[in-house]
Amino acid sequence: MRAKVLVLSALGLSVLGLPLAGCGSSEEVAQESKAPSGPKLVLQTSDTADWQDVSAEIATVDQAQVLARIPGILTSLSVHEGDMVRKGQTIGRIVDSQLGPQAAAAQAQMVQAQSELKRVKYLHDNGVYADARLEQAQAAASASRAQYAAATAVAGQGAVVAPATGRVLRADVPAGAPVAPGMAIAVITAGPTIVRLEMPESLGDKVHPGSLVKASGIGSGDATGRIIKVYPSVTAGQVTADVDMPGIDNKLIGRRVAAKVETGSRKALLVPKSYVTDRYGIDYVTLAGKDGTATQVPVQTAPSSEPGKVEILSGVSAGDTLIGTNGAAGGAANGAAGQ
């Protein structure tokens, strides 16, 4: 009987030991979940460039107008929009029906005055005319030559000449149309191609020559340049600035492009992209708690000007510790260096 009691006691102890072993395993698994592995990053604010979206267009430093110098009929115009011209190139001609007869009359008067001068000089040399008569004939001949030169010069102003080397932006006066002095016949680009910004006047004190500008749609992709001139005037609440930007496609002068200008710096939370995960369109970061637990926290992010980083706008704050994946180790080192 005593032997049976001992056997039952041993079996009971062995059965009671099974739940205890199971409880120890559960505690071990829970402890592992409280200590997630991966690089850690303590959030700190850092200085970052502050950008402002502005209106911009492709332009040139200046535009030259081709003006009519005499009244008349535009008999020819050899250029069209988009053509390249050289400074001094004749691109059209204006004809005034009155200039021809005027020049012919001036020439006839000059020939007559020269003949009269020759006759008077001959008689003066033979003692017939006095010196006063010779001087009078010389003055008349000189005046006739000046009148003929003036008439010829006016007729020569009928040539329409390009005032600068560049691309024709507008040439909308058709051949055969009457023109008046000072009338614009064509418009030509002048100077290098630039990006011209139109900014709210509130940015007038925040931008200056040297400020960085980024634009999209320039050439084959995005481009970066710097402001070279800020115009010292406000027009309709807008401030104008010129940007030197390499790689500009100047085939479409006046084309609008998307641009943003650097207006200073501000404090921001910047983290490597590898610390942020996207699930169903929502960004999450893994936040380490003081008790060693890890929590998935939704955050609002925005693109950053620093390569490989994003800005966290809300969801976490400075001093929080983020946990990344093993692949984020390199990004953590770069992020820590930038703090």
Can you find even one residue in the range 69-92 that is surrounded by fewer than 16 Cβ atoms within 10 Å (Cβ to Cβ), more than 42 Å from the chain's Cα centre (by Cα) and not in a helix (DSSP H, G or I)? no
Flag for THR224 being buried (at least 16 other Cβ atoms within 10 Å of the Cβ) and outside any loop (DSSP other than H, G, I, E, B): no
Quick test of your reading of the structure: ASP291 fulfils all but one of (1) open to solvent by less than 60 Å² (accessible area, probe 1.4 Å); (2) farther than 30 Å from SER55 by Cβ; (3) part of a loop (DSSP other than H, G, I, E, B). Name the failing condition by number. (1)
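So that you can scan it fast, the table gives a plain yes or no per residue for (1) in contact with a strand residue (DSSP E or B) (Cβ under 6 Å, 6 or more places away or on another chain); (2) aliphatic (A, V, I, L, M); (3) more than 30 Å from SER265 (Cβ to Cβ):
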| site | (1), (2), (3) |
| --- | --- |
| ALA137 | no, yes, yes |
| ARG167 | yes, no, yes |
| VAL173 | yes, yes, yes |
| MET183 | no, yes, yes |
| LYS214 | yes, no, no |
How many residues are more than 29 Å from LYS260 (Cα to Cα) and in contact with a Pro (Cβ under 8 Å, 6 or more places away or on another chain) when one looks only at the range 296-324? 2
In this structure, does VAL271 turn out to be assigned to a strand (DSSP E or B) and of a type in the set (A, V, I, L, M, F, W, C)? yes
Within the range 39-53, how many residues are open to solvent by 20 Å² or more (accessible area, probe 1.4 Å) and under 33 Å from the mean Cα position of the chain (by Cα)? 7
Restricted to the range 297-312 and to residues being without any contact (Cβ under 8 Å) to a residue 40 or more places away in the chain and under 14 Å from ILE282 (Cα atoms), the residue surrounded by the most Cβ atoms within 10 Å (Cβ to Cβ) is VAL299
Select from the range 170-190 the residues that are assigned to a strand (DSSP E or B) and open to solvent by 50 Å² or more (accessible area, probe 1.4 Å) and write down the one among them that is nearest to GLY72 (Cα to Cα). PRO178
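The values are calculated or read from the model by the stated rules, or taken from the named source; none is laboratory data. Bear in mind that the values here come from a model prediction, so they are computed numbers and not experimental data. We place every Cβ from the backbone using ideal geometry, glycine too, and count neighbours over all the protein chains shown. Areas reflect the complete protein model, heavy atoms only, side chains present, ligands, DNA and RNA absent. Shrake-Rupley method; radii C 1.70, N 1.55, O 1.52, S 1.80 Å.
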